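Participant: The structure is given below, and queries will be raised subsequently.
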Amino acid sequence: MNFDFSDEQKQMRDAARKFLTEKCPPKAVREVLDGKVPYDTELWKGLAEMGFLGVAIPEQFGGAGAGHLELCVIAEEMGRANAPVPFSSTVYLAAEALLLAGSDAQKQKWLPKIASGEAIGTLALFEGKGNPSPKAIKLQASGGTLNGIKKPVPDGAIADFAVVAARTGSTGRDSDISLFLVDLKAGGVEAKPLTNVDPTRGQAELTFTKAKAEPLGAAGDGWSILTQVLDRAAVLLAFEQVGGSDRALEMGRDYALDRIAFGRPIGSFQAVKHMLADMYVSATLARSNCYYGAWALSTNAAELPEAAAASRISATQAFQHCSKNNIQVHGGMGFTWEFDCHMYYRRANASALTLGSLSYWEDQLIDRMRKKNPA
Amino acid sequence: MNFDDTPQEAAFRAEARAWISANAPKQYEEELRKSSLGRTVLKGANILEVAKAWQKKKAEAGWACLHWPKEYGGRGASPIERVIWQQEEGPFGKLSGMFIIGHGMCGPTMMAYAGEEQKRKYLPPLASGEKIWCQLFSEPAGGSDVAGLRTRAEKKGDDWIINGQKIWTSGAHYSDYGILLTRTDPNVPKHKGLTMFFLDMKSPGVEVRPIKQASGQSDFNEVYFTDVKIPDSQRLGAVNDGWNVSLTTLMNERMSIGAGVATGFPELFEFCNSLMLEDGPAIEDRSVRSRLANYAVKASGLRYTSMRAISALSKGERPGPENSIGKLVAGSMVQEVAMYALDLQGAAGVLSGLEDAEVAGKFQAMLLRAPGTRVEGGTDEIMRNIIAERVLGLPGDIRVDKDVPFNQIPTKGR
């Protein structure tokens, strides 16, 4: 048994960390946070040059063809750096949907552009409040065009194309849903940026008016493909959340060592020590769940749906826990705009809601466990 | 990243599986499988005798104390082989409970500090379960603060005379030998005046009084020493170096990973999956699902944390203080799980009798045993200190008694 990343994968992690430490300091994140630019274009180009955007895309489609374990390693570093780029929407959602269900021509058209950083992609699934559900999808597909509204769509205002979930039937079954590929620059789609809790990760409303769309995957397979895409993205996003948890813990630890109160470093007070110990515990449990998710993702194991839900829940909890207590350790300073704590707190809470909320994944986990262990 | 055995590991696993299948006391398998924290009962059998018989059989075939050297009754197996054995032994491993302290802590301490002749005399019967050992460390005045102990050892000729009291001594009532930490010099700071011994628990002046626990069971004891004589030849390590000797013991405690800690989750999941509430199956209730999912990811997180530790072991890395997580998380969780399982039963949740209780008192037993798990082997608070100090590198607690001679440390708070 080797329940760990390989030395090569760890080297890739080190390379990604070094690159992001240099190219994505908190100052760069703030440029986006302050609304100066919608995302860090320089960083995006650099990620493409490093081969990180196409790490799990096969070589025949312009990627590095390394695999999903390698992508997990990169995802962790993206989360640790709080990178203000459309990585998760493009790489975890759009690219994974194309890899799972795209025709050869579709893959040939979009995947090389993703790998080279030329195209930003996203998944347009939600239509207002609520969790992923076939019933919630009202956007209509007919005669090769789409009509309706999607929101929130992650990175929707900067994306070049979207995978769109649309209604193609009225039987009340999952098979009413189909997926479509839409070139967002081709007309028929209006994008409106939406203010949201984490400005470093844009959200948008997309209005489709007779927008030209091509089917992605077979008609009626939309929900089943989506479920798989969400599971895969859940593992990958969970690695980002683990990276963010670790960084928030480190920030708290470092501050507790530096900051003196009552004549002692505050990290010598048990109340603070124990808070940090609990942060370490939740980050470690999440990391271990995610390693299992990574294994299931990389081997396409039958355990993937359960492992994905567990990774997602555990990492969501850990990132929320670590980022909120990081602020607590920092005291009043942690609540200021000029300290970096709130950037992780924002990201933790935004990440908790994309791909479906915590309660959605709790539901998924129990359903999946129950299938394996019927009463 | 994979879960496959190496060819050598696979061969070892196959050999272990075949031997266990041919030799394990299968008549108790079902009861052992169903047992949970606070509730291991074998109907119509004395568990001590069953456990000793299984240990003896293992020893005769070379499967006892896998991590010990062969000359002392072990097998010289690698840490990963030990984990494989535990996986294969499955529910029968629950019969090893009463040997854990002897095999995991007393034996390794003897190996490090006893004379060669003594090792050959005492260790094989310990490995085979013929003799049971206990560890006499904690005292009423020194639980988490082990070095604050007051049991005195005074040199008289070639012997030491012991007077004092130990407490929370697991299994002292059926133990044959014990390792004993004593104070030999009260005029120096507390860590510098301790000395370790081993002794025959049947020695004159040793009195064991079982403590009735909150659960009603008696796993622990008070042990009183009145002028107990121990020959100097049974001293472990140098005089006044007992603290370092005890650290060897405690470090070995950490090596016993991979056994898997009880979280109560499998029991709770099974319970919720079968329980009918007024509005239908409990598992279809939204709030139940949320609670279950939360416990599920803690339980799986612990399981995979332990697998990561095993992977590190198999690469020759030593397990670190990271393993304190298991006890810390599982301890509270088992307590919460038990409370929640009772809550789901409403008023009837109080009942623990076989006839009336929904799951035959399983969760009630868990509830009453759980507080002990959060205290024994280091409290939750000590575990958090260990993580904060040794993993995160935060400053140690301030110790006002650090350089103060032991006999000048205040003994009362007010």
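Participant: Rounded to whole Å, give me the distance from the Cα center of the stretch A:221-296 to that of the stretch B:375-403.
Facilitator: 22 Å
Participant: Can you run phi through the Karplus equation (6.51, -1.76, 1.60; θ = phi - 60°) for the stretch B:378-383 and list ³J(HN,Hα) in whole Hz, with x for Gly and Pro?
Facilitator: x, 5, 3, 5, 5, 4
Participant: Sort the following peptides by mean Cβ neighbour count (other Cβ atoms within 10 Å, averaged over residues), highest first: A:321-333, A:114-126.
Facilitator: A:114-126, A:321-333
Participant: Next question. For Cα pairs less than 8 Å apart in space and 6+ apart in sequence, what is the mean separation divided by the residue count of the stretch A:298-353, i.e. the relative contact order in percent?
Facilitator: 31 percent
Participant: Can you give me the solvent accessible area of B:Leu42 with a 1.4 Å probe, rounded to the nearest 10 Å²?
Facilitator: 10 Å²
Participant: How large a share of the accessible area of chain B, in percent, is made up of carbon and sulfur atoms when the probe is 1.4 Å and the other protein chains stay in place?
Facilitator: 51 percent
Participant: Averaged over its residues, how many other protein chain Cβ atoms are within 10 Å of peptide B:269-276's Cβ atoms?
Facilitator: Average per residue, whole number: 2.
Participant: No solvent, one uniform scatterer per C-alpha: report log10 I(q)/I(0) for the stretch A:221-286 via the Debye equation at q = 0.12, 0.23, 0.24 1/Å, two decimals.
Facilitator: Treating every Cα as an identical point scatterer, log10 I(q)/I(0) equals -0.46, -0.91, -0.95.
Participant: Which lysines, on any chain, are close to A:Lys10 with Cα under 16 Å apart, when same-chain ones fewer than 8 places away are left out?
Facilitator: A:Lys18, B:Lys315
Participant: If you don't mind, there's one more thing I want to ask. Of all the accessible heavy-atom surface of chain A, with the other protein chains kept in place and a 1.4 Å probe, what percent is carbon and sulfur?
Facilitator: Carbon-and-sulfur percentage of accessible area, whole number: 53.
Participant: Quick check: net charge around B:Gly178, other residues with Cβ under 9 Å of its Cβ, Lys/Arg +1 and Asp/Glu -1?
Facilitator: Local net charge: -1.
Participant: Okay, next question. Within the protein assembly as shown, what percent of beta bridges assigned by DSSP are antiparallel, to the nearest 5?
Facilitator: Just about 85 percent of them are antiparallel.
Participant: Residues of A:261-268, mean number of Cβ from any other protein chain within 10 Å of their own Cβ, rounded to a whole number?
Facilitator: Average neighbour count from other chains, rounded to a whole number: 2.
Participant: Tell me, what is the percent relative contact order of the stretch B:36-76, built from C-alpha pairs under 8 Å that lie six or more residues apart?
Facilitator: For the stretch B:36-76, the relative contact order is 22 percent.
Participant: Binning every alpha carbon pair distance of the stretch B:42-136 at 5 Å from zero, what are the percents per bin?
Facilitator: Answer for the stretch B:42-136: a P(r) of 3, 14, 25, 27, 18, 9, 4, 1, 0 percent.
Participant: A follow-up question, please. Helix B:242-255 against the longest principal axis of chain B: what's the angle in degrees, Cα atoms only, rounded to the nearest 10?
Facilitator: Taking the Cα atoms of chain B, the angle to B:242-255 is about 20 degrees.
Participant: Can I ask one more? Rolling a 1.4 angstrom probe over the protein heavy atoms, how many square angstrom per residue are accessible across the protein assembly as shown?
Facilitator: Per-residue accessible area for the protein assembly as shown comes out at 43 Å².
Participant: Moving on to the next point. If one takes the longest principal axis of the Cα atoms in chain B, at what angle in degrees, from 0 to 90 and to the nearest 10, does the Cα axis of helix B:265-274 lie?
Facilitator: 20 degrees
Participant: When Cβ neighbours within 10 Å are restricted to other protein chains, what is their mean count per residue of peptide B:394-401?
Facilitator: Per residue, the average neighbour count from other chains is 4.
Participant: Any chance you could check the Cα centroid distance between the stretch B:1-37 and the stretch A:109-177 for me, in angstrom?
Facilitator: 49 Å
Participant: Hey, in the GNM for chain A with a 10 angstrom Cα cutoff, which one of A:Arg167, A:Arg17, A:Arg259 fluctuates hardest?
Facilitator: A:Arg259
Participant: Among A:Val189, A:Val242, A:Val272, whose mean-square fluctuation peaks in a Gaussian network model of chain A (Cα, cutoff 10 Å)?
Facilitator: Among A:Val189, A:Val242, A:Val272, the largest mean-square fluctuation in the Gaussian network model of chain A belongs to A:Val272.
Participant: Report, in whole Å, the centroid distance computed from the Cα atoms of the stretch A:321-362 and the stretch B:175-215.
Facilitator: Comparing the Cα centres of the stretch A:321-362 and the stretch B:175-215, I get a distance of 50 Å.
Participant: Follow-up. With θ set to phi - 60° and the Karplus curve 6.51 cos²θ - 1.76 cosθ + 1.60, what are the ³J(HN,Hα) couplings of the stretch A:214-224 in order, to the nearest whole Hz, using x for Gly and Pro?
Facilitator: Values per residue, Gly and Pro as x: 10, x, 10, x, 6, 4, x, 8, x, 5, 5 Hz.
Participant: Here's another thing I want to ask about it. What number results when the radius of gyration of the stretch A:96-179, computed over Cα atoms, is divided by 2.2 N^0.38 Å?
Facilitator: 1.15
Participant: Ranked from highest to lowest mean number of other Cβ atoms within 10 Å per residue, what is the order of the peptides B:302-313, B:60-71?
Facilitator: The peptides rank, most packed first, as B:302-313, B:60-71.
Participant: Can you tally the net charge around A:Phe161? Count Lys and Arg as +1, Asp and Glu as -1, for every other residue whose Cβ sits under 12 Å from the Cβ of A:Phe161.
Facilitator: -1
Participant: Could you list, bin by bin from short to long, the percent of Cα-Cα pairs of the stretch B:1-42 in 5 Å steps?
Facilitator: Calculated over all Cα pairs of the stretch B:1-42, the distribution is 5, 19, 15, 15, 14, 16, 12, 3, 0 percent.
Participant: If you average over every viewing direction, what projected area does the convex hull of the Cα atoms of the protein assembly as shown give, in nm²?
Facilitator: Averaged projected hull area, Cα only: 37.4 nm².
Participant: Rg and Dmax of chain A, using alpha carbons, in Å: what are they?
Facilitator: 20.5, 73
Participant: If you take the accessible area of A alone, add that of B alone, and subtract the area of the pair, what total do you get in Å², probe 1.4 Å, to the nearest 100?
Facilitator: Summing both sides, the interface buries roughly 4400 Å².
Participant: Tell me, which residues of the stretch B:1-50 get at least 30 Å² less accessible area when the other protein chains come in, versus the chain alone (1.4 Å probe)?
Facilitator: Going by heavy-atom accessible area, the residues of the stretch B:1-50 that drop by at least 30 Å² are B:Met1, B:Asn2, B:Phe3.
Participant: Let me ask another. So what is the relative contact order of chain A, in percent, for Cα pairs below 8 Å that sit 6 or more residues apart?
Facilitator: 15 percent
Participant: Let me ask another. Using only Cα atoms and rounding to the nearest 10 degrees, what angle (0 to 90) does helix A:41-50 make with the longest principal axis of chain A?
Facilitator: Here the helix axis deviates by roughly 90 degrees.
Participant: B:Lys155: which aspartates and glutamates have alpha carbons under 20 Å from its alpha carbon, excluding same-chain residues fewer than 8 sequence positions away?
Facilitator: B:Asp185, B:Asp200, B:Asp227, B:Asp232, B:Asp241
Participant: I want the local charge near A:Lys27. Using Cβ-Cβ distances under 13 Å, sum +1 for each Lys or Arg and -1 for each Asp or Glu among the other residues.
Facilitator: -4
Participant: Still on this structure, please answer the following. List the GluC sites (Glu not before Pro) within the stretch B:85-171 that DSSP assigns to loop and that have no more than 14 neighbouring Cβ atoms inside 10 Å.
Facilitator: Here the sparse-neighbourhood loop sites are B:Glu130.
Participant: Next up: I'd like the trypsin sites (Lys or Arg not before Pro) in the stretch B:196-302 restricted to DSSP loop residues with at most 13 other Cβ atoms within 10 Å, sorted by number.
Facilitator: Answer in residue order: B:Lys202, B:Lys212.
The values are calculated or read from the model by the stated rules, or taken from the named source; none is laboratory data. As the structure is a prediction and not an experimental result, all values here were calculated from the model. Virtual Cβ from ideal backbone geometry, glycine too; neighbours counted across all protein chains shown. Ligands, DNA and RNA are stripped out before the accessible areas are found, and what is left, the full protein with its side chains, is counted by its heavy atoms. Shrake-Rupley method; radii C 1.70, N 1.55, O 1.52, S 1.80 Å.
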